[in-house]
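**Q** Let me give you the structure first, and then I'll get to my questions.
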Amino acid sequence: MLEVSVEAPLRAVLGTFATGVTVVTVGGPHPHGMTANSFTSVSLDPPLVLVCVNRDSVMQHRLEEADCFAVSVLDAAQRDVARRFADRSRPPGAAQFDGVACIAGTRTGAPLIGGALAWLECRRWRTYDGGDHLIHVGRVLSVRRAPHGDALMFFEGHYLTGGNHDPDRP
């Protein structure tokens with residue numbers, strides 16, 4: 001039977017699903033950040049979110065060491081932050097956060113990106129097999145939201161802003 005690769009067409013089709021952009025971080029002795037658009041809510045009761053991480057990534061190794069992580073939902077003005085934490089050539093450890101406004105999360109110690117739209121601190125709850133990725137489900141420990149801002153979005157391999165929001169929404 002002839003095997004046909006669907007990776008390129010699948011990537012193109014999945015790219016038509018616009019997503020928000022986050023930076024997932026872990027603290028501790030080896031802090032690390034990773035740009036992720038594979039993030040979503042799972043449950044309100046209990047409060048759960050998930051992030052998908054490549055099995056061979058640095059972030060996967062850091063998540064294995066840490067029991068907590070944080071998620072910063074990026075603002076439209078934070079394309080450079082998204083690019084920085086997607087760049088595999090950035091310095092390792094704490095140096096990758098140099099020049100990026102961050103504060104340590106009060107519940108997890110993981111870096112929270114300044115200027116983001118929202119922040120979640122999570123304790124790793126379950127991890128599931130997801131093919132070439134692992135699906136990390138975190139129990140939300142704390143949340144904060146900025147009073148205003150527009151979302152940074154990812155669509156067809158490009159960043160765009162979500163500035164077309166309803167002005168009548170509170």
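**Q** Being among the hydrophobic types (A, V, I, L, M, F, W, C) and touching a helix residue (DSSP H, G or I) at 6+ places or on another chain (Cβ under 8 Å) is the filter; apply it to segment 81-138 and report the residue that is nearest to SER38 (Cα to Cα). Before you say what the answer is, go through the steps one by one.
**A** Our first condition is that a residue be among the hydrophobic types (A, V, I, L, M, F, W, C); within segment 81-138, this holds for 81-82, 85-86, 94-95, 97, 100-104, 110, 112-113, 116-120, 122, 125, 134-135, 137.
Still in the running and touching a helix residue (DSSP H, G or I) at 6+ places or on another chain (Cβ under 8 Å): 85, 100, 113, 134.
Values: PHE85: 14, VAL100: 22, ILE113: 18, LEU134: 11 Å.
Filtering first and then ranking leaves LEU134.
**Q** If you take the residues in segment 1-42 that are surrounded by fewer than 10 Cβ atoms within 10 Å (Cβ to Cβ) and assigned to a loop (DSSP other than H, G, I, E, B), which one is modelled with the highest pLDDT?
**A** PRO29
**Q** Taking only pairs six or more apart or across chains, which ones have beta-carbon atoms under 7 Å, a first residue in segment 76-99 that is free of Cβ contacts under 8 Å to residues at least 40 places away in the same chain, and a second residue that is outside any loop (DSSP other than H, G, I, E, B)?
**A** ARG90/ARG84; ARG90/GLN96
**Q** Moving to a separate point now. Part of a strand (DSSP E or B) and free of Cβ contacts under 8 Å to residues at least 24 places away in the same chain: does that describe ILE135?
**A** no
**Q** Residue by residue through segment 56-93, note down the ones that are assigned to a loop (DSSP other than H, G, I, E, B) and surrounded by fewer than 16 Cβ atoms within 10 Å (Cβ to Cβ). Show your work before the answer.
**A** Of segment 56-93, the ones assigned to a loop (DSSP other than H, G, I, E, B) are 56-57, 66-67, 74, 76-78, 87-92.
Of everything in segment 56-93, those that are assigned to a loop (DSSP other than H, G, I, E, B) and surrounded by fewer than 16 Cβ atoms within 10 Å (Cβ to Cβ) turn out to be ASP56, SER57, ASP67, ALA77, ASP87, ARG88, SER89, ARG90, PRO91, PRO92.
**Q** Go through segment 94-114 and give me each residue that's at positive phi and surrounded by fewer than 12 Cβ atoms within 10 Å (Cβ to Cβ).
**A** GLY99 - this is the single residue of segment 94-114 that is at positive phi and surrounded by fewer than 12 Cβ atoms within 10 Å (Cβ to Cβ).
The values are calculated or read from the model by the stated rules, or taken from the named source; none is laboratory data. Everything quoted here is computed from the prediction, not taken from an experiment. Reconstructed Cβ throughout: ideal geometry from the backbone, glycine too, with neighbour counts over all protein chains shown.
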